[in-house]
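Colleague: Please read through the structure below; I'll follow up with questions.
The values are calculated or read from the model by the stated rules, or taken from the named source; none is laboratory data. Being a predicted model, the structure only gives us computed values, none of them experimental. Quick reminder, even Gly has a Cβ in these numbers, built from the backbone with ideal geometry, and neighbours come from all protein chains shown. Note: accessible area is taken over every heavy atom of the protein model, side chains too, but ligands, DNA and RNA are not part of it. Shrake-Rupley method; radii C 1.70, N 1.55, O 1.52, S 1.80 Å.
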Amino acid sequence: MKTELRSPGLAAILCLAAGLAQALALAWPGSGEPIWWLQLLALGVLAGLLERTRSWREAAALGWLFATAWLGGTFWWLFISLHTYGGLPAWLAGLAVLVLAAVLALYYTIACALYVKLAPAHRATRALLFAALWLLAELARARWFTGFGWGGIGYAHTDGLLAGYAPWLGVFGLGALAAWLSMTLPQAWSCGPWQRVAAMAVLVWPSVWQMDRGAAQAGYSVAAGQLQVALLQGNIAQDEKFQPGSGVPLALQWYGEQLRDNTAALVVAPETAIPLLPSQLPEGYQQALLERFARGEQAALLGQPLGSYSQGYTNSALGLKPAQASPWRYDKHHLVPFGEFIPPFFRWFTELMNIPLGDFRRGSVDQASFEWQGQRLALNICYEDLFGEELARRFADPALAPTMFVNLSNIAWFGNTVAIAQHLQITRMRSLEFERPFLRATNTGATAVVDHHGQVRSALPPHTRAVLRAEVQGRSGLTPYARWMSQLGLWPFWLAGLAAVGLAWAVRRRAGWR
């Protein structure tokens with residue numbers, strides 16, 4: 001039986017604290033590691049408070065406070081890009097981040113209100129309803145209005161007991177399981193024994209399954225050759241990166257030297273490593289790069305803006321290798337609002353900022369991989385690796401499926417903050433989902449090699465100018481997640497979530513509303 005909250009003020013404080021704790025669980029400051037159990041406890045606090053209220057209005061307020069604190073505590077570093085590099089006044093930049101968090105929190109506000117409104121008497125059914133509503137909120141945040149799923153709770157589980165579900169269910173499935181477990185926590189002493197047994201089974205099954213298969217057999221992919229790589233980290237300060245008297249000549253010199261002199265089979269330079277359009281480069285610079293890789297046994301991938309005023313501009317990557325008529329090209333598909341395209345009715349906001357190249361054309365979602373030395377390298381730029389359902393499109397034809405992923409990023413926009421570690425956890429989740437290694441070449445970090453088990457095998461210290469050399473094993477074969485996601489997309493999640501909510505609504509309607 002639910003009761004009215006006796007102290008709404010204390011409940012509000014608990015929600016704010018728990019929301020911040022969930023943000024910390026995604027990537028603990030300092031170590032950058034996720035803390036899976038802290039995420040379960042943090043969301044468990046909200047779940048326990050929801051179990052103690054009969055008012056959907058109170059539930060909505062609690063959900064909004066929790067989610068605003070969690071999201072604001074997750075991507076607070078947007079303030080740096082808006083204020084330090086974008087030139088917005090501090091008060092306006094801070095307000096913009098707070099408003100973004102508060103607006104995105106509305107998805108969870110609705111979920112919490114519906115939970116209290118629809119929750120049936122049976123505790124096990126209530127836990128399933130909470131998981132379904134949380135799943136729908138996560139899906140809506142990640143997809144609607146171009147989507148910004150950064151900080152989804154599934155990313156707290158790249159390590160820990162739930163990580164083994166990633167090749168089956170992906171980050172959204174992990175988030176739903178985590179939400180179900182979080183609601184089971186406050187119900188633990190009063191729920192039926194089967195719910196407690198189910199919770200224990202969910203936690204231990206991945207480990208038991210892996211031991212049963214054996215370390216050598218665990219997994220769905222097989223080795224597909226080795227590739228020697230060199231990942232470049234130029235560490236060009238963001239406030240100098242596009243300046244013709246400082247960052248531009250430094251980038252052209254350092255990246256040019258590394259691309260010219262490195263002996264690895266594949267040399268990878270980060271997003272906009274070459275910060276000028278080809279027509280803006282010093283005479284002979286672009287041609288020298290093309291000629292450098294037109295012969296021999298080396299290839300390169302490098303970020304560079306392309307296009308013209310009449311054709312439009314793209315945030316792109318070029319692939320250079322011997323015996324090709326023209327450079328291979330990848331154009332970023334999932335663009336960043338305000339940074340790379342201007343949403344309707346917000347041009348006034350972007351005009352307040354000092355951000356170069358702020359309006360790009362969009363590439364297609366299923367561009368071909370870059371093939372080199374038996375490997376198929378699927379490119380993504382910046383936060384495109386956040387959208388696993390889009391990367392899954394590359395696996396629709398198993399014969400052309402990537403053997404490696406390559407991410408080119410420039411997170412210098414966000415300074416020396418936890419954003420670097422959070423992005424690395426996103427990459428690790430994609431590696432777990434698809435059982436593919438990830439090569440990350442970034443301007444300031446995290447430049448790293450992540451293996452097909454989601455483990456960081458080597459990495460450069462952030463904010464250093466250096467080259468990471470490694471030998472990486474490609475992989476072939478499809479995980480269950482890659483197989484069904486490439487064919488069906490997110491629809492199974494949407495349908496499962498809506499079906500659970502519809503069933504709860506039907507049960508409550510039959511029993512009569514409170």
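Colleague: Checking residue 280 against (1) open to solvent by less than 10 Å² (accessible area, probe 1.4 Å); (2) closer than 21 Å to residue 330 by Cβ; (3) not small (Gly, Ala, Ser), which test does it fail?
Modeller: Of the numbered conditions (1) open to solvent by less than 10 Å² (accessible area, probe 1.4 Å); (2) closer than 21 Å to residue 330 by Cβ; (3) not small (Gly, Ala, Ser), the odd one out for residue 280 is (1).
Colleague: Hey, can you tell me all the residues within the range 465-482 that are over 30 Å from residue 269 (Cβ atoms) and surrounded by fewer than 16 Cβ atoms within 10 Å (Cβ to Cβ)?
Modeller: Of everything in the range 465-482, just one residue is over 30 Å from residue 269 (Cβ atoms) and surrounded by fewer than 16 Cβ atoms within 10 Å (Cβ to Cβ), namely 480.
Let's see how each residue does on (1) in contact with a helix residue (DSSP H, G or I) (Cβ under 9 Å, 6 or more places away or on another chain); (2) modelled with pLDDT of 95 or more; (3) basic (Lys, Arg):
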position: 105; (1), (2), (3): yes, yes, no
position: 110; (1), (2), (3): yes, yes, no
position: 117; (1), (2), (3): yes, no, yes
position: 120; (1), (2), (3): yes, no, no
position: 137; (1), (2), (3): yes, yes, no
position: 142; (1), (2), (3): yes, yes, no
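Colleague: Same structure again: Within the range 44-89, can you find the residues that are outside any helix (DSSP H, G or I) and modelled with pLDDT of 95 or more?
Modeller: We begin by selecting, within the range 44-89, every residue outside any helix (DSSP H, G or I); these are 51-55, 75-77, 86-89.
Across the range 44-89, the qualifying residues are 75, 76, 77.
Colleague: In the range 274-318, what count of residues is obtained for those that are assigned to a loop (DSSP other than H, G, I, E, B), among the hydrophobic types (A, V, I, L, M, F, W, C) and in contact with a Ser or Thr (Cβ under 9 Å, 6 or more places away or on another chain)?
Modeller: Going residue by residue through the range 274-318, those that are assigned to a loop (DSSP other than H, G, I, E, B) are 274-277, 281-284, 293-298, 309-311.
From the residues that got through so far, the ones that are among the hydrophobic types (A, V, I, L, M, F, W, C) too are 274, 276-277, 281, 293-294.
Okay, now just the ones that are also in contact with a Ser or Thr (Cβ under 9 Å, 6 or more places away or on another chain), so 277.
The qualifying residues number 1.
Colleague: Given the criterion farther than 30 Å from residue 159 by Cα, open to solvent by 10 Å² or more (accessible area, probe 1.4 Å) and touching a residue at least 60 places away in the same chain (Cβ under 8 Å), identify the matching residue among 78, 114.
Modeller: Numbers: 78 fails: farther than 30 Å from residue 159 by Cα.
Of the residues listed, the single one that is farther than 30 Å from residue 159 by Cα, open to solvent by 10 Å² or more (accessible area, probe 1.4 Å) and touching a residue at least 60 places away in the same chain (Cβ under 8 Å) is 114.
Colleague: What number of residues within the range 484-495 are buried (at least 16 other Cβ atoms within 10 Å of the Cβ) and assigned to a helix (DSSP H, G or I)? If you could, list the steps in order and put the result at the bottom.
Modeller: In the first step, residues of the range 484-495 are kept if they are buried (at least 16 other Cβ atoms within 10 Å of the Cβ); the result is 484-486, 490, 493-494.
Next, from what is left, pick out any that are assigned to a helix (DSSP H, G or I): 484-486, 493-494.
Summing the residues that are buried (at least 16 other Cβ atoms within 10 Å of the Cβ) and assigned to a helix (DSSP H, G or I) in the range 484-495 gives 5.
Colleague: Out of 251, 230, which single residue is surrounded by 12 or more Cβ atoms within 10 Å (Cβ to Cβ), outside any helix (DSSP H, G or I), modelled with pLDDT of 95 or more and among the small types (Gly, Ala, Ser)? First the steps, then the outcome.
Modeller: Working: 251 fails: outside any helix (DSSP H, G or I).
Checking each option against the conditions leaves just 230.
Colleague: With the structure loaded, tell me whether residue 354 is outside any helix (DSSP H, G or I), among the polar types (S, T, N, Q) and modelled with pLDDT of 95 or more or whether it fails that test. Spell out the reasoning first.
Modeller: Values: outside any helix (DSSP H, G or I): yes; among the polar types (S, T, N, Q): yes; modelled with pLDDT of 95 or more: no.
Against the criterion (outside any helix (DSSP H, G or I), among the polar types (S, T, N, Q) and modelled with pLDDT of 95 or more), residue 354 does not qualify.
Colleague: Here's a follow-up. Determine whether residue 462 is in contact (Cβ under 8 Å) with a residue 40 or more places away in the chain, surrounded by fewer than 23 Cβ atoms within 10 Å (Cβ to Cβ) and touching a Pro at 6+ places or on another chain (Cβ under 7 Å).
Modeller: Values: in contact (Cβ under 8 Å) with a residue 40 or more places away in the chain: yes; surrounded by fewer than 23 Cβ atoms within 10 Å (Cβ to Cβ): yes; touching a Pro at 6+ places or on another chain (Cβ under 7 Å): no.
No, not satisfied.
Colleague: Only one of 391, 386, 439 is crowded, with 22+ Cβ neighbours inside 10 Å, within 23 Å of residue 329 (Cβ to Cβ) and over 14 Å from the mean Cα position of the chain (by Cα). Can you tell me which? Spell out how you get there, then give the answer.
Modeller: Working: 391 fails: over 14 Å from the mean Cα position of the chain (by Cα); 386 fails: over 14 Å from the mean Cα position of the chain (by Cα).
Result: 439 is the single residue among 391, 386, 439 that is crowded, with 22+ Cβ neighbours inside 10 Å, within 23 Å of residue 329 (Cβ to Cβ) and over 14 Å from the mean Cα position of the chain (by Cα).
Colleague: Restricted to the range 81-111, and to residues that are hydroxyl-bearing (Ser, Thr, Tyr) and open to solvent by less than 30 Å² (accessible area, probe 1.4 Å), which residue is farthest from the chain's Cα centre (by Cα)? Don't jump to the end; show me each part of the working.
Modeller: Start the filter on the range 81-111 by keeping residues that are hydroxyl-bearing (Ser, Thr, Tyr), which leaves 81, 84-85, 107-109.
Cutting the leftovers down to open to solvent by less than 30 Å² (accessible area, probe 1.4 Å) gives us 81, 108-109.
Details: 81: 18, 108: 19, 109: 22 Å.
Here the answer is 109.
Colleague: Shifting gears a bit: If you scan the range 408-448, which residues turn out to be aliphatic (A, V, I, L, M) and not in a strand (DSSP E or B)?
Modeller: First, the residues of the range 408-448 that are aliphatic (A, V, I, L, M): 408, 411-412, 418-421, 424, 426, 429, 432, 439, 441, 446, 448.
Matches in the range 408-448: 411, 412, 418, 419, 420, 421, 424, 426, 429, 432, 446.
Colleague: Can you confirm whether the range 16-24 contains a residue that is in contact (Cβ under 8 Å) with a residue 60 or more places away in the chain, crowded, with 19+ Cβ neighbours inside 10 Å and not β-branched (Val, Ile, Thr)?
Modeller: Yes.
Colleague: Identify, please: which residue in the range 442-459 is of a type in the set (Val, Ile, Thr) and over 21 Å from residue 275 (Cα atoms) and is, among those, most open to solvent (accessible area, probe 1.4 Å)?
Modeller: We begin by selecting, within the range 442-459, every residue of a type in the set (Val, Ile, Thr); these are 442, 444, 447, 449-450, 456.
Those still in the list that are over 21 Å from residue 275 (Cα atoms) too: 449-450, 456.
Details: 449: 9, 450: 0, 456: 60 Å².
Of everything passing the filter in the range 442-459, 456 is most open to solvent (accessible area, probe 1.4 Å).
Colleague: Just one of (1) of a type outside the set (A, V, I, L, M); (2) modelled with pLDDT of 90 or more; (3) in a helix (DSSP H, G or I) trips up residue 205, so point out which.
Modeller: Tallying (1) of a type outside the set (A, V, I, L, M); (2) modelled with pLDDT of 90 or more; (3) in a helix (DSSP H, G or I), residue 205 fails exactly one: (2).
Colleague: Okay, next question. Name the residue, out of 223, 237, that is touching a residue at least 40 places away in the same chain (Cβ under 8 Å) and part of a loop (DSSP other than H, G, I, E, B). Steps first, please.
Modeller: Details: 223 fails: part of a loop (DSSP other than H, G, I, E, B).
Of the residues listed, the single one that is touching a residue at least 40 places away in the same chain (Cβ under 8 Å) and part of a loop (DSSP other than H, G, I, E, B) is 237.
Colleague: Quick one: is residue 103 more than 23 Å from residue 178 (Cβ to Cβ) and either aliphatic (A, V, I, L, M) or not in a helix (DSSP H, G or I) (or both)?
Modeller: Values: more than 23 Å from residue 178 (Cβ to Cβ): yes; either aliphatic (A, V, I, L, M) or not in a helix (DSSP H, G or I) (or both): yes.
Spelling it out, residue 103 is indeed more than 23 Å from residue 178 (Cβ to Cβ) and either aliphatic (A, V, I, L, M) or not in a helix (DSSP H, G or I) (or both).
Colleague: Considering the range 357-382 alone, what residues qualify as being among the aliphatic types (A, V, I, L, M), under 24 Å from residue 308 (Cβ atoms) and modelled with pLDDT of 60 or more?
Modeller: Narrowing the range 357-382 to residues among the aliphatic types (A, V, I, L, M): 357, 365, 368, 377-379, 381.
Keeping just the survivors that are under 24 Å from residue 308 (Cβ atoms) gives 357, 365, 368, 379, 381.
If the condition is that a residue be among the aliphatic types (A, V, I, L, M), under 24 Å from residue 308 (Cβ atoms) and modelled with pLDDT of 60 or more, then 365, 368, 379, 381 are the ones that fit.
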